[in-house]
Amino acid sequence: NAGVTQTPKFRVLKTGQSMTLLCAQDMNHEYMYWYRQDPGMGLRLIHYSVGEGTTAKGEVPDGYNVSRLKKQNFLLGLESAAPSQTSVYFCASKKDMVQETQYFGPGTRLLVL
Amino acid sequence: GQQLNQSPQSMFIQEGEDVSMNCTSSSIFNTWLWYKQDPGEGPVLLIALYKAGELTSNGRLTAQFGITRKDSFLNISASIPSDVGIYFCAGQLSGTASKLTFGTGTRLQVTL
């Protein structure tokens with residue numbers, strides 16, 4: 001099992017460009033999450049999904065969109081990147097409502113110039 | 001958005017020393033979790049706490065769920081170099097799609 005994988009590992013964007021971050025998990029987990037991590041602020045939830053075809057807003061959703069067309073994939077989109085979106089993005093997955101452990105991917109470093 | 005307050009922000013300790021860090025919130029949580037993040041990696045779950053007053057150990061790590069459900073602490077005994085990293089607390093409410101609220105992190109450095 002690869003666990004949770006994220007693509008790409010690192011990306012540089014210019015302001016206004018768009019991109020999609022891919023998260024994939026091979027553990028057949030129902031729940032998936034996207035977080036961003038900024039210095040001194042811990043992780044903040046952007047969007048999450050409780051199952052295929054469902055998505056919901058987290059704490060800091062503005063400027064991002066997500067899709068969960070397949071159970072194993074959770075995509076995070078930036079339609080028009082801004083410097084304030086420079087961050088490290090982590091995806092996580094969890095088996096179901098009962099199982100507490102969220103398994104995190106290795107992260108994607110995004111720099112917006 | 002809410003963030004949990006963690007202290008200290010950073011610690012420099014010698015190998016073999018014990019470490020204590022804590023996390024406080026203005027809100028009640030039903031579950032407290034402690035994660036460790038190594039450089040360049042995602043967080044990994046260390047300990048999960050489910051009941052107020054619960055004390056749980058995982059090897060050299062011990063964590064407690066505060067009686068008021070608004071705080072938690074983590075102790076590491078006899079620290080070793082591989083304990084280096086950032087430690088995060090996280091609180092979770094029941095029925096919220098298991099959304100976590102993370103603390104601001106405690107960066108631990110261990111010197112030989």
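Being among the aliphatic types (A, V, I, L, M), at pLDDT 95 or above and open to solvent by less than 50 Å² (accessible area, probe 1.4 Å): is that true of A:L22 here?
On the way: among the aliphatic types (A, V, I, L, M): yes; at pLDDT 95 or above: yes; open to solvent by less than 50 Å² (accessible area, probe 1.4 Å): no.
Answer is no for this residue.
Checking each residue in the stretch A:97-108 for being at pLDDT 85 or above and not β-branched (V, I, T) picks out A:Q102, A:Y103, A:F104, A:G105, A:P106, A:G107. Among the numbered criteria (1) touching a helix residue (DSSP H, G or I) at 6+ places or on another chain (Cβ under 7 Å); (2) at positive phi, which single criterion is violated by B:E15? Of the numbered conditions (1) touching a helix residue (DSSP H, G or I) at 6+ places or on another chain (Cβ under 7 Å); (2) at positive phi, the odd one out for B:E15 is (2). Applying the selection to the stretch B:2-52, what residues are in contact (Cβ under 8 Å) with a residue 12 or more places away in the chain and farther than 24 Å from B:R69 by Cβ? Of everything in the stretch B:2-52, those that are in contact (Cβ under 8 Å) with a residue 12 or more places away in the chain and farther than 24 Å from B:R69 by Cβ turn out to be B:S10, B:M11, B:F12, B:I13, B:Q14, B:E15, B:G16, B:E17, B:D18, B:Q37, B:D38, B:P39. Being open to solvent by 30 Å² or more (accessible area, probe 1.4 Å) and of a type in the set (F, W, Y) holds for only one residue in A:Y103, A:Y64, A:Y33, A:Y89, and it is A:Y103. For A:Y48, the test of being among the hydroxyl-bearing types (S, T, Y), in contact with a Gly (Cβ under 7 Å, 6 or more places away or on another chain) and open to solvent by less than 40 Å² (accessible area, probe 1.4 Å) is passed. Taking residues in the stretch B:84-95 that are more than 11 Å from chain A (Cβ to nearest Cβ), and partners anywhere that are open to solvent by 30 Å² or more (accessible area, probe 1.4 Å) and small (G, A, S), not one pair has Cβ atoms closer than 6 Å while being at least 6 places apart or on different chains.
For B:Y50, the conditions (1) closer than 29 Å to A:A56 by Cα; (2) aromatic (F, W, Y); (3) under 11 Å from the mean Cα position of the chain (by Cα) all hold with the exception of (3).
The values are calculated or read from the model by the stated rules, or taken from the named source; none is laboratory data. Here the structure is a predicted model, which is why all the values come from computation and not from measurement. All Cβ positions, glycine included, derive from the backbone under ideal geometry; neighbour counts span all protein chains shown. Accessible surface is based on the protein model in full, side chains and every heavy atom, while ligands, DNA and RNA are left aside. Shrake-Rupley method; radii C 1.70, N 1.55, O 1.52, S 1.80 Å.
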